[in-house]
Amino acid sequence: MSVSGRKSSLTPLKSILREIQDFRDGFGSMSRRSFEVKFSHHHRSRSQSAVLDDCSKKLEVLRQSKWASMPPELLRDVIQRVENSESVWPSRKNVVACAAVCSAWREVTKELVQTPEQSGKLTFPISLKQPGPRDVTMQCFIKRDRTTSTYYLYLGLSPNVLENGKFLLAARKFRRATSTDYIISFNSEDFSRGSNSYVGKLRSNFLGTKFTIYDCQPSQSCVAISSNRAVRRIGSKQVSPRVPSCSYNIAHIAYELNVLGTRGPRRMQCTLYSIPASAMEAGGCAPTPTEFAKEVEELLPPLPQIKSKAAVADCSTAEAESTGDTMSKDSPLVLKNKAPRWHEQLQCWCLNFRGRVTVASVKNFQLVAANEPTQSTSQSDHERVLLQFGKVGKDMFTMDYRYPLSAFQSFSICLSSFDTKLACE
């Protein structure tokens, strides 16, 4: 087929995408404008009913539109063409636009879009909690804002041009009396634990040597939900009070104390309770959530009797509390930092970051599996770098991760490296 013929065949598809995007943007703009109306005290009920009626009419138009009534074969072909042609951001937003047309489009899009492990692509928000690809790394970068103690995660090859990167996650540092919290969110401006954009948090001890990663939704190994009021916080922005804003302990990070004060890189170990060690074996698999939990109680086994007033859902205790859980049959995955070598000419510790790190820093690290390799795991696969983090400029860092880690887990581990650790250096 000639170039002109190929262009003409893509023209109808692009016109469809533009029309869908305009329809979706119009609906979204109407919704945002309507709910931004400030109601007066005397006319509150009338204004609210008018807004709800307007939204209901718009939704009804959407359900009865020509896009919602497309034949299944044609619908599947259109979305498959969009999925194949729009492989990188920002053009990949067209795939997300297809999922926002109606429920029929959404189901077909979710069926056709593969996980990052299979495709190496990040599409929907749930992709940030799914394992990365096995054969290649997902290359990201982190931008630090010192004035607000905020960290931004972007998907992109180069941190030099921010507009070419796709925003993924943001985290803000909050100092407590005896600890430090990093609240992680999908929204770079909303870090409320009661918000729908809340993803999880990273908490450190007083010395900054031990960290715990908490997820907002349970993994397959969690067996308990806390009823403690301090844990089950319901924010004013949360849509449904039936969905508790809990914290589920999914990982623990420990930095080795440098008691003698000798010079050298940091030593760290990360225990991932939500990922079994068998995930690193040939044919092994890591937990892959397909959607965010709507009713967390439905995803968990019956609750055990919890007598402690400060109880928290903890995946690390799943092995002791559950008899039929997967974690009781398999130990958690443990990662350790790859030991650097001393370079005599440069007079510094060095690691091969393959050009992704350009500035020497004590924060730089590479993580590999610490569990003993099995017969089904080759030595090269066992020593493969699963996560690397390093500095490339002032307040700019790269983060490359792969299977079995997710973007959320990798970002949380990298955040622990930003804390000052006087006892470790």
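The values are calculated or read from the model by the stated rules, or taken from the named source; none is laboratory data. All figures in this text were calculated on a predicted structure; none of them were measured in a lab. Using ideal geometry, Cβ is built from the backbone for each residue, glycine included, and neighbour counts are taken over all protein chains shown. Please note that ligands, DNA and RNA were not included when accessible areas were found on the heavy atoms of the full protein model with its side chains. Shrake-Rupley method; radii C 1.70, N 1.55, O 1.52, S 1.80 Å.
Applying the selection to region 314-354, what residues are under 20 Å from residue 266 (Cα atoms) and modelled with pLDDT under 75? Before the answer, list the steps.
Going through region 314-354, the residues under 20 Å from residue 266 (Cα atoms) turn out to be 334-344, 346-353.
343, 344, 346, 347, 348, 349, listed by residue number.
Condition first: in a strand (DSSP E or B), farther than 22 Å from residue 363 by Cβ, in contact (Cβ under 8 Å) with a residue 24 or more places away in the chain and of a type in the set (Ser, Thr, Tyr). Now tell me which residues in region 176-213 satisfy that.
Initially, region 176-213 is screened for residues in a strand (DSSP E or B), giving 180-185, 198-204, 210-213.
Subsequent filtering for residues that are farther than 22 Å from residue 363 by Cβ retains 185, 198-199.
Still in the list and also in contact (Cβ under 8 Å) with a residue 24 or more places away in the chain: 198-199.
If the condition is that a residue be in a strand (DSSP E or B), farther than 22 Å from residue 363 by Cβ, in contact (Cβ under 8 Å) with a residue 24 or more places away in the chain and of a type in the set (Ser, Thr, Tyr), then 198 is the only one that fits.
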Report task. Identify the residue in region 357-381 that is open to solvent by less than 40 Å² (accessible area, probe 1.4 Å), assigned to a loop (DSSP other than H, G, I, E, B) and under 29 Å from residue 278 (Cβ atoms) and, among all such residues, is modelled with the highest pLDDT. Result -> 370
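Looking only at region 291-302, decide whether some residue is open to solvent by 90 Å² or more (accessible area, probe 1.4 Å), outside any loop (DSSP other than H, G, I, E, B) and either of a type in the set (Ser, Thr, Tyr) or at pLDDT below 90 (or both).
If we filter region 291-302 for residues that are open to solvent by 90 Å² or more (accessible area, probe 1.4 Å), which is where we start, we get 291, 294, 298-299, 302.
In the following step, the residues that additionally are outside any loop (DSSP other than H, G, I, E, B) were identified as 298-299.
Narrowing further to those that are either of a type in the set (Ser, Thr, Tyr) or at pLDDT below 90 (or both): 298-299.
Looking for residues that are open to solvent by 90 Å² or more (accessible area, probe 1.4 Å), outside any loop (DSSP other than H, G, I, E, B) and either of a type in the set (Ser, Thr, Tyr) or at pLDDT below 90 (or both), one finds at least one in region 291-302, hence yes.
Give the residue, chosen from 95, 136, that is touching a residue at least 24 places away in the same chain (Cβ under 8 Å) and farther than 27 Å from residue 368 by Cβ.
Values: 136 fails: farther than 27 Å from residue 368 by Cβ.
The match here is 95.
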**Report entry** Scope region 182-215; condition within 17 Å of residue 145 (Cα to Cα), small (Gly, Ala, Ser) and open to solvent by 20 Å² or more (accessible area, probe 1.4 Å); matching residues
**Finding:** 188
Report task. Considering only region 72-110, state which residues are within 20 Å of the chain's Cα centre (by Cα) and open to solvent by 30 Å² or more (accessible area, probe 1.4 Å). Result -> 87, 88, 89, 90, 93, 96, 110
